[in-house]
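Take a look at the structure below.
Readers should treat all values here as calculations from the given coordinates under stated rules, not as data from a laboratory. Treat the numbers as computed from the prediction; the structure is a model and nothing was measured. Cβ sites come from the backbone with ideal geometry, for glycine too, and all protein chains shown count toward neighbours.
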Amino acid sequence: MARVRMDMFTSLDGHTPADSTPEDPMGQDWGRLTTAYAATRTFRQSVLGDTSGAGTTGVDDRYAAAAVTGIGSEVMGAAMFGLHAHPDDPDWRGWWGDTPPFGMPVYILTHTAPRPSLPMNGGTTFHFRDAAVEDVLAEAKEAAGDLDVRIGGGYRTARAVLQAGLVDDLHLLVTPIFLGRGHRLFDDLVGVERTHALTTEVAESGVIHVTLTRQES
């Protein structure tokens, strides 16, 4: 059965950026949180299309590779797709150009649905849904088949799935900086150790990889 997986970036004090704008959709501090991940060979190849072999290959890359392996569908929020930044553009097709780096069905949670599905090059099709996250996840699981469902963000979507207790495998990339501002992620994880096994590993970059895996009842 498909598992629900999520990878999230956070600072040591448990923040993710909250200051997104149309010009800076991921927020002012996003680059500081993701420097080590963006330097990995896996990120450069899977997201940037760089097949030169450049990029780091240590612990950060191992987790980056795991994050893109075995995924059959994705769920993300309207802001991550760009609908909040481009609300009046009926031709908006996301941030990723004509060939998004997904290659699978992607379900967008948005109150602007219904909208027609949007097939793209490379196997990605964006589907737009105005429904409870539980219902959209059920559809995404069916589309994923024997593979897993990835929660792609942003913060509000991630928080809704966490609060509903629907995440089976959570990977936190804790960057060793203090932001002192932004969305509070750790507040939504209180008590999760009662249902999920926790492991930690520190990468060469200093990033702390925290994994939370749902335990069998």
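Remarks
- Peptides 91-104, 2-15 ranked from most to least packed give 2-15, 91-104, packing being the mean of other C-beta atoms within 10 angstrom over each peptide's residues.
- Inter-probe distance in nm under a simple model that places probes 7 Å from Cα toward Cβ, at Thr199 and Thr69: 1.2 nm
- Antiparallel beta bridges, as assigned by DSSP with both residues in the chain, represent about 40 percent of the total such bridges.
- 15 Å reach of a label modelled at Arg3, 7 Å along Cα-to-Cβ, counting backbone N of the stretch 162-206: 166-172, 195-200
- Debye equation applied to the C-alpha atoms of the stretch 122-177, log10 I(q)/I(0) at 0.23, 0.25, 0.26 Å⁻¹: -1.09, -1.24, -1.31
- Whole-Hz ³J(HN,Hα) from phi, Karplus 6.51 cos²θ - 1.76 cosθ + 1.60, for the stretch 29-36, glycine and proline x: 8, 4, x, 5, 6, 10, 4, 5
- In order along the stretch 158-174, phi translates into HN-Hα couplings of 4, 5, 4, 6, 5, 5, 7, x, 9, 8, 8, 10, 10, 10, 9, 9, 9 Hz, rounded to whole numbers, per the Karplus curve 6.51 cos²θ - 1.76 cosθ + 1.60 with θ = phi - 60° and x for Gly and Pro.
- Note on the stretch 93-217: Cα-only Rg and Dmax are 16.5, 46 Å.
- Estimated FRET transfer efficiency (Asn121, Arg184; beta-carbon r; R0 25 Å; 0.05): 0.10
- Stokes-Einstein D in µm²/s, Kirkwood radius over Cα pairs - the stretch 49-159 at 10 °C with 1.306 mPa s viscosity: 106 µm²/s
- Inter-part distance where the stretch 1-74 and the stretch 115-179 are each reduced to a Cα centre, Å: 15 Å
- Loop GluC sites (Glu not before Pro), the stretch 172-217, which have at most 13 other Cβ atoms in a 10 Å radius of their Cβ (DSSP): Glu204, Glu216
- Largest-first principal axis extents, alpha carbons of the stretch 97-150, Å: 29, 28, 14
- At 1.306 mPa s and 10 °C, Stokes D of the stretch 1-87 from Kirkwood alpha-carbon radius, µm² per second: 108 µm²/s
- Efficiency of FRET between Ala131 and Thr34 - r from beta-carbon atoms, R0 41 angstrom, step 0.05: 0.85
- All C-alpha pair distances within the chain, sorted into 5 Å bins from zero, spread as 1, 7, 14, 18, 21, 19, 12, 5, 1, 0 percent across the bins.
- Anisotropy class of the stretch 156-212 from Cα gyration tensor, a/c 1.5 cut: oblate
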